[in-house]
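Heads up, the thing below is written out as structure tokens.
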């Protein structure tokens, strides 16, 4: 019962929180809901070796680790015979990173190394020099350094083991040096495109109107639901950064789709402020069935040839609470919708079933998403 009360409290807070805001619509900065075309990061990937492990690396059954180590040593002038057995202090890893926009040569970025062999842990290992390539196959950064796994793994002689987090994945903070830049230039352009993170025609029009009011010479206009094209005035073509900074600081009220999110695993319900419910009547009953088993012992009659037997005895109890029709009026605001649903007196899990049924009947004007 205490858990049910906590769930109900969470649902009430999540649903009623928008009612305590000062305005009906929340405003956001343009930089928080959109980005300029070209201002994006690029994924990098590489293949390398982690050395210095304490008998937790790849086994000799992982051939690509052996071949990679042999090639590395051969390139360093150390000749190895093909049949040499390798100790388990080396592991093959895939190294991934993300190159942010406008990153210059010499900057350092974070990288992550993930084991691809049968290594049990990368703890205490060091990544040797690994080139990181982009989708075009060119090297944009070089990674190297000690790994931090933030966990551990230990195993006893009997086979028992204990593990915390994921010891086969390690992070190197600032472990890669940028060697090649991704060219992004805004100077000299006649127009720039502003891209909405959540495409919406209404939000695109509101954003264009806000830009045009603040900077009339920009002549902003929406191209589609996710793009606003901004004309760069002639006097600002050599100072595009100043114009972009002005646009990013503007505030816009983004429009959101009416949506109800339901998590059936936790009994959580989240409603947006635009959810509307048409007048409808709801009756929700609760049916409980309880089955009990009470086996009894049957003794034979005196001087008979019978044997003692255990006789099963089952009891079935069915209880159904009375369900009264509750009228939910047409919801003008989210508060009225919540008040109507609370009038039924249902539990959080019952509310989930009620909301799904109201949506199926066509009385709810909102998108229902179950996660």
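Readers should treat all values here as calculations from the given coordinates under stated rules, not as data from a laboratory. Just so it is clear, the model here is predicted, and its values are computed rather than measured. Positions of Cβ are backbone-derived with ideal geometry, glycine not excepted, and every protein chain shown enters the neighbour counts.
Please report the spacing between the Cα centers of segment 196-274 and segment 52-109 in Å, no decimals.
Centre-to-centre distance over Cα atoms comes out at 46 Å.
What are the principal axis extents of the Cα atoms in segment 42-178, in Å, biggest first?
Largest to smallest, the principal-axis extents are 53, 39, 21 Å.
When only Cα pairs under 8 Å and 6 or more residues apart are kept, what is the percent relative contact order across segment 42-178?
Once normalised by length, the contact order is 30 percent.
Of 307, 227, 62, how do they rank once you tally other Cβ atoms within 10 Å and put the fewest first?
307, 227, 62
How much length is gained if the chain between residue 299 and residue 104 is pulled fully straight, taking 0.36 nm per residue apart and subtracting their Cα-Cα distance, in nm to one decimal?
Full-extension gain reported as 61.1 nm.
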